[in-house]
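The block underneath contains the structure these notes are about, expressed in structure tokens.
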Amino acid sequence: MTNQKKRGNVRVAALDILLKIEKNQAYSNLLINDTIKKMTVPAIDVPLLTELVYGTVQYQKRLDFYLQAFSKKPLVKLDKWVLVLLRMTVYQLVFLDRIPDHAAINEAVEIAKSRGHKGISGMVNGILRSMLRGDLPDYHLIDDEVERMAVETSHPEWLLKRWIEQYGKDKAHLIATANLATPVQSVRVNKVRISKQEVIALLKEDGLEIEESELIPESLRIKRGSVVKTSAFKQGLVTIQDEGSMLVAKILAPNPTERVLDACAAPGGKSTHLAELMNDTGDIISVDIHAHKVKLIEQQKDRLQLKAIQGMVSDARELKESFPNEQFDKILVDAPCSGLGVIQRKPDLKWSKQSADVNRLAMIQDEILEKVWPLLKKNGRLVYSTCTIDQEENEDVVERFVKRHHDAEFDDTFSERLPELIRDHKEPLTGMVQLFPGEFGTDGFFISSLIKK
């Protein structure tokens, strides 16, 4: 098979994934992994496939801004597959240096010929070659400030307006810009079974370039290489996890032999971290509403060879039917949320979510807290966390809860368990912290801690 034909296959695979994201609001990372597993793309071309999918989704609004200047039709009137093909090709022309412009355009025209009639391939060819000959429009000339920021950072305007309202224009711009950066890849060492230094040696043997984390003692940051192919990962000695997510278990700080409830546990990253912090003793009940997701928790537990975790299928709002009051020393509510803190990793989230989703989720978060609180022992600790940066799902939920419950108070020892780096750079808030993308190399994460008086 020629190199050109291989590249064509990569673009066809990328186009299929992008169309599935558009139609089904499926996650790009899951679709890419599924495509790779089915071996429709040679391993050598996986980086290009990933780049095309993530880049096209990440810069969608900017790409449409460029395209509209060269299209005689409004983009909304184009067939969806044609628009997505054009976006993907413009991404290559504007953002990728290693692919010759003529090759990218020729591949797009060939795909258009195979999927549509001659008129469509001619239109695709005309738009792309006009763009190549002309100058790209300058988004700096957009008069409206929010629209200009939306095109520059490729975010929906409704989302930027929320962030501007909550954090101000400068902070909103910093968040949106950080979302375009490549996320930090980190792994958590399974200290029940191996030391950090031993893992470092194993990963280096497998050709990975790594550095130790300044935030989490058991974390390593991957500078180069793929963890999933290493012997350390296959043997269950490390877990791939963002450091903001790791911080949640550190803030809950369970002790060995305690009984802990992880009320919204799938896919199990935080549950397994809790088990490791407890030296795989005690009792961790890991709950999820979906049976197939509880299987993911069990798979994580088995891969890491941990015994303290017990998976359970249940709605967190109905746990009172399964447990009497005051059963747990510690409770973690890593609540279902909009995920607006992980746009770096899942750029499709910014196009699939709406403000109504935030409102709906805040109501569910309220209900979960309300229902699990009676299960916490007196003097017990409850940590509420999300991977979003929206105040309606974070501070508002927790502050409302504390006002409703005379026996709930913010944990005044919270800051003692924060990493020094975060303590030194964040304004102190009683019992809570909001991490933003771009600050400490973590995802956007909210973590708060409550004590039952």
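The values are calculated or read from the model by the stated rules, or taken from the named source; none is laboratory data. Note that this is a predicted model, so its numbers are computed, not measured. Don't worry about glycine lacking a Cβ; one is built from the backbone with ideal geometry, like all the others, and counts go over all protein chains shown. Accessible surface areas use protein heavy atoms only, side chains included; no ligands, DNA or RNA. Shrake-Rupley method; radii C 1.70, N 1.55, O 1.52, S 1.80 Å.
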- Message: Being buried (at least 24 other Cβ atoms within 10 Å of the Cβ) and in contact with a His (Cβ under 9 Å, 6 or more places away or on another chain) is the filter here; which residues of segment 249-293 pass it?
- Response: 249
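On the given criteria, is residue 209 at pLDDT 95 or above, charged (D, E, K, R), open to solvent by 10 Å² or more (accessible area, probe 1.4 Å) and over 24 Å from residue 46 (Cα atoms)?
Here the answer is no, as residue 209 does not meet what is asked.
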- Message: As an exercise: evaluate residue 430 against (1) in contact (Cβ under 8 Å) with a residue 60 or more places away in the chain; (2) farther than 23 Å from residue 161 by Cβ and give the number of the one condition it does not meet.
- Response: (1)
- Every residue from segment 77-99 that is exposed (fewer than 11 other Cβ atoms within 10 Å of the Cβ) and modelled with pLDDT under 90: 97, 98
- Message: Suppose we filter segment 168-199 for residues that are open to solvent by 50 Å² or more (accessible area, probe 1.4 Å), over 27 Å from residue 249 (Cα atoms) and not charged (D, E, K, R); how many remain?
- Response: 3
- Query: Taking the condition more than 30 Å from residue 408 (Cβ to Cβ), open to solvent by 40 Å² or more (accessible area, probe 1.4 Å) and basic (Lys, Arg), does residue 345 pass?
  - Reply: yes
